2 protein chains.
Amino acid sequence: MELPDVGGHPTMATSVEIFDTTLRDGAQFEGISLTVEDKLRVAEHLDRLGVHWIEGGYPQANPKDAEFFRRAAAGELRLETATLVAFGSTRRPAGKTDDDPTLRALVESGVSTVCIVGKSWDFHVTDALGTDLDEGVAMVADSVRFLGAAGLRVLFDAEHFFDGYRANPAFALRVLEAAAMSGAETLVLCDTNGGSLPHQVERIVGEVVSYFEGTRIGIHTQNDSGCAVANSVAAVVGGASHVQGTVNGYGERTGNANLMTVIPDLTLKLGISTLPEGRMELLTTVSRAVAELVNLPLAPSDPYVGASAFAHKGGLHTSALGKVGGASYEHVDPSVVGNRTRVLVSDLGGRAGMSLKAKEFGIDLDDRAAAALSERLKELEADGFVFEAADASLELLMRRATGWSDQWFRTEAYRVSSYHREGDASAHGGIELATEATVKIWVGDERMVAVGEGNGPVNALDAALRAALSDRLPALHRIHLTDFKVRVLDARTTHGNADTGAVVRVLISSSDGEDSWTTIGVSPNIIEASWQALSDALVYGLLRAER
Amino acid sequence: MELPDVGGHPTMATSVEIFDTTLRDGAQFEGISLTVEDKLRVAEHLDRLGVHWIEGGYPQANPKDAEFFRRAAAGELRLETATLVAFGSTRRPAGKTDDDPTLRALVESGVSTVCIVGKSWDFHVTDALGTDLDEGVAMVADSVRFLGAAGLRVLFDAEHFFDGYRANPAFALRVLEAAAMSGAETLVLCDTNGGSLPHQVERIVGEVVSYFEGTRIGIHTQNDSGCAVANSVAAVVGGASHVQGTVNGYGERTGNANLMTVIPDLTLKLGISTLPEGRMELLTTVSRAVAELVNLPLAPSDPYVGASAFAHKGGLHTSALGKVGGASYEHVDPSVVGNRTRVLVSDLGGRAGMSLKAKEFGIDLDDRAAAALSERLKELEADGFVFEAADASLELLMRRATGWSDQWFRTEAYRVSSYHREGDASAHGGIELATEATVKIWVGDERMVAVGEGNGPVNALDAALRAALSDRLPALHRIHLTDFKVRVLDARTTHGNADTGAVVRVLISSSDGEDSWTTIGVSPNIIEASWQALSDALVYGLLRAER
């Protein structure tokens, strides 16, 4: 286990404010498009996690964000731990504060606290804004003072601070000083281009912290050098006590600092207080819930919260795990962040891994069954099956290897047909689209024939299967599908038309309201692959219902 | 632009060896399963990139790796820049070197250089190996000496070095010393559990570098604290001159240090020589080629090489890009790593982004067309279309907004049918599976009806469409599909059976041998979504052929 390393850094704070900007900077991530509903739900998760600040959006630039703040202020968002923040920029060059649309939108957003961004790199003031350095400073000072006079608490984001400090440290500090003197309570140093490295950040933050003794210094990093998390940690080592980042590191280009990593790094490795007591174990569920809401798959390799973060595959490691326990190859106890250890079965894991996994399922594999299963797994993995993500299918396979067989139903045949016809009126309107599936299934010695309609082929097959079986197997009523994933494999080896004939892997997740499980199917035909995963899903659900 | 920061670190080397372990440690990544063919091709890409060392595998532990080394030695792998390395561990406790199977496999692997791992954390020697500390040291010394006597160059990987050094620095150094005295040319410090932070790594590496003045010190990090890249950089700042990592950061659990990030960080930010002259611009293509070979999607947010790494979406940034150029929001010039700047169109990008994009396509959008297009894009994005990844569909949409219309073919109807029947003999063998598609298409005023068979519904539709059109549109012969991706959206909002009715997004990539393009389709029915992407793919290909 990692030893806390709290000594030797006299400047390090004992507690750090966590500022989440998933709803503002995170929404810039390619592929994210949040509704106002989504934003409200993400904010609830963040509050539950216990972050100090939630930056909700940029009301002037984005009508959706303005609506979010209206609905939050109208009582649709009740926060217990966090404080909501609205984001904006300073007034325009040579403009006035009292008729500035951005500042006005901030005042009208109904929040207690705002965060405004201003330029601290001289080159950007002269070339991007097209004004002089004195006006650049005045824009910051005037805007902070105006917002403070309107009764708001103000945080100041110094854009491009690290590049600016290297190019012209006197000007960069002068901008910060203007913000602080005008009432900004926190000065946030932004590595906007994300190009800095930790040893540089630690040094520069240290210099700023000494210069502004007593004022809270914050850090906001982007991941363009792959160091967003490390730069946040380095800033805290250098004396920062406010860290901005996002859930799962969402953010423009390469993303922002991933708070799911920064929070446990600071807490577990440096002994710094971040979230309120008892909240860190929500980290994994909040990370996954937000991934669902933004509708992007969470990388299994994400530190702390990813599905692979505490997964062990290599023969060396899995046998050591048996001997000396998790501390051998796990840097922290996974339960502390709400995650768990997993043993992966694969061609690299060998027999030892397989036996551990069988034990996890409560199955007693004798040597012969284990050898047969091992052969069968190798064949299936060569075909494209990956059981690491499909525990239920693996358990069924293991049970079958011990001689067990499911007797609920037997398939004779199915047929699925999809039909599309264009209306006369227009090329894009008036399309008639219909999908129908028929199944022929045996339950005992009775033959059931049923038909189902659906939005698509899998939906129609599921409907037909349930129409055939539900009367005889009422436990099916409790089983429902919760997720459906498709991956196309081996596209690289195909040529010409053939690649639409590549192998398709389907994963289906199901639930009976108490537990959930995942099954797999693989075939060149997506319908057949879905059928395999679908029938395994029902068999596993029936097996659970029987237990 | 980032300023090089080469001063102030007297211990820093001017050049660093890059050691790639994608084929050994990277293969432990969940979801990776490489064939020997795959391994040979990955090694060729690494050699082309110009890494110093390629660790090919662990011949004793893995028969596939043993075959890889046999075939490499037999002339199937010709390396021009890199040297191949075989991996193994030290001899067993209380064992002999000359009959040790791991050491024997290394000697027989046919390589010039080996890398062996040994334990440097006292707790692991006593508890995992079950032997005493003197024997732990002897295992390292004997094994290195034995391999050297067999004519091999030896690198030594000190497992759990950072945890070991904190727990018992004297023992950790004694293990390194035994390896060095026995002839190991490089001592690699491994952060096996991945739990260290950069300021800790920099300090400890600095101490080891001072202790072993003149011996090359290497670094091998895992990403469990989200700091694998930063820890590698910190080690180099501390004096290390050999960095181990993998392409795209593949590796067990959270992965290894991503060389696609470490290499440009060291070269572009610290002015250190890593790859031979002229190779760094291959970084993006090698990263993507290896992602294809291991069959895992590359994260768009990957630093330097990801599709989003230099993508700009926010209105603020895209308008600044127009004014002051890339340096404003790009930490390095993307062409240096073989990547490029992209402008993203989305609800956040607004009109400015859309006009930039139209210019990229050579389309002149007037204000009315832009307004209409903007509305249409909003509707489509609300339905689940994402044009960031489907430039060809976006270009067709933009052309249509200017009044252009494709006249090559018009769809009347299609039908796809899949049939599955089980044989009598067994539940799993003897399945009859067939898929057939019919299309009714107009070319001018001629109606074509054609049928196609395929492995799956999309394949059958593609075959039918080509059967109907190829005679009239011979340019279709040059167009082929190269990739097919499926994503299921909104599973979170569905309940019960309905979620197999969730919306499906299909992306199809196509090529005419010169250029490639991507099209999109979205529908609750996967077949309909595929049809949309497929017909756009052909239309775009025909448009290119006409130009």
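The values are calculated or read from the model by the stated rules, or taken from the named source; none is laboratory data. Fair warning: this is a prediction, and the values are worked out from it, not measured in the lab. Every residue, glycine as well, gets a Cβ built from its backbone with ideal geometry; the counts of neighbours run over all protein chains shown. Accessible surface is based on the protein model in full, side chains and every heavy atom, while ligands, DNA and RNA are left aside. Shrake-Rupley method; radii C 1.70, N 1.55, O 1.52, S 1.80 Å.
Quick notes on this structure:
- The single condition among (1) assigned to a loop (DSSP other than H, G, I, E, B); (2) over 23 Å from residue B:53 (Cα atoms) that residue B:214 does not satisfy is (2).
- Hits in region B:145-165 (condition: surrounded by fewer than 21 Cβ atoms within 10 Å (Cβ to Cβ) and assigned to a strand (DSSP E or B)): B:153
- A search for C-beta distances below 6 Å between a residue of region B:218-241 that is in contact (Cβ under 8 Å) with a residue 40 or more places away in the chain and any residue that is open to solvent by 10 Å² or more (accessible area, probe 1.4 Å) and of a type in the set (D, E, K, R), counting only pairs 6+ apart in sequence or on different chains, returns B:237/B:202; B:238/B:202; B:241/B:216.
- Residue that is nearest to residue B:176 (Cα to Cα) [pool: residues in region B:217-229 that are more than 9 Å from chain A (Cβ to nearest Cβ) and either assigned to a helix (DSSP H, G or I) or among the aliphatic types (A, V, I, L, M) (or both)]: B:217
- For region A:114-129, the count of residues that are surrounded by fewer than 23 Cβ atoms within 10 Å (Cβ to Cβ), over 15 Å from residue A:159 (Cβ atoms), more than 14 Å from chain B (Cβ to nearest Cβ) and not polar (S, T, N, Q) is zero.
- Out of B:252, B:281, sole residue that is open to solvent by 20 Å² or more (accessible area, probe 1.4 Å) and either in a helix (DSSP H, G or I) or at the interface with chain A (Cβ under 8 Å from one of its Cβ atoms) (or both): B:281
- Residue in region A:167-174 that is under 35 Å from the mean Cα position of the chain (by Cα) and of a type outside the set (Gly, Ala, Ser) present: no
- Matching residues in region A:413-459 - criterion: being surrounded by fewer than 16 Cβ atoms within 10 Å (Cβ to Cβ) and among the charged types (D, E, K, R): A:421, A:424, A:432, A:445, A:446, A:447, A:453
- When B:456, B:430, B:362, B:423 are checked against the criterion of being away from chain A (no Cβ under 11 Å), at pLDDT below 90 and either over 27 Å from residue B:514 (Cβ atoms) or more than 36 Å from the chain's Cα centre (by Cα) (or both), a single residue qualifies: B:430.
- Residues (more than 12 Å from chain A (Cβ to nearest Cβ) and either within 19 Å of the chain's Cα centre (by Cα) or within 30 Å of residue A:340 (Cα to Cα) (or both)) located in region B:239-249: B:243, B:244, B:247
- Per-region count, region B:178-201, residues at the interface with another protein chain (Cβ under 9 Å from one of its Cβ atoms) and at positive phi: 1
- Any hit, region B:72-83, residues being touching a helix residue (DSSP H, G or I) at 6+ places or on another chain (Cβ under 8 Å), under 22 Å from residue B:246 (Cα atoms), within 14 Å of another protein chain (Cβ to nearest Cβ) and without any contact (Cβ under 8 Å) to a residue 40 or more places away in the chain: no
- The residue that is nearest to the other protein chains (Cβ to nearest Cβ), among those in region B:258-273 that are open to solvent by 10 Å² or more (accessible area, probe 1.4 Å) and in contact (Cβ under 8 Å) with a residue 60 or more places away in the chain, is B:268.
- Qualifying residue in region A:529-546 (condition: at the interface with chain B (Cβ under 8 Å from one of its Cβ atoms), surrounded by 21 or more Cβ atoms within 10 Å (Cβ to Cβ) and either part of a loop (DSSP other than H, G, I, E, B) or without any contact (Cβ under 8 Å) to a residue 40 or more places away in the chain (or both)): no
- Some residue of region A:65-72 being farther than 21 Å from residue A:291 by Cα, outside any helix (DSSP H, G or I) and modelled with pLDDT under 95: no
- Considered as a group, the residues in region A:16-42 that are assigned to a helix (DSSP H, G or I) and in contact with a strand residue (DSSP E or B) (Cβ under 8 Å, 6 or more places away or on another chain) include one that is surrounded by the most Cβ atoms within 10 Å (Cβ to Cβ), and that residue is A:27.
- Selection of first residues in region B:476-494 that are modelled with pLDDT under 75 and of second residues that are in a strand (DSSP E or B), restricted to Cβ pairs under 6 Å at least 6 apart or on distinct chains, gives the following pairs, ordered by first then second residue: B:489/B:503; B:489/B:505; B:490/B:503; B:491/A:483.
- Against the test of being within 28 Å of the chain's Cα centre (by Cα) and surrounded by fewer than 24 Cβ atoms within 10 Å (Cβ to Cβ), the options B:83, B:97 yield a single qualifying residue, B:83.
- Looking across region A:43-64, just one residue is of a type in the set (D, E, K, R) and open to solvent by less than 10 Å² (accessible area, probe 1.4 Å), and that is A:55.
- Scanning region B:11-40 for residues that are in contact (Cβ under 8 Å) with a residue 12 or more places away in the chain, within 11 Å of chain A (Cβ to nearest Cβ) and not charged (D, E, K, R) turns up B:12, B:27, B:28, B:29, B:31, B:32, B:34, B:35.
- If only residues of region A:335-344 that are open to solvent by 10 Å² or more (accessible area, probe 1.4 Å) and within 22 Å of the chain's Cα centre (by Cα) are counted, the one that is modelled with the lowest pLDDT is A:342.
- Where residue A:232 falls short, out of the listed (1) in a loop (DSSP other than H, G, I, E, B); (2) surrounded by 24 or more Cβ atoms within 10 Å (Cβ to Cβ): (1)
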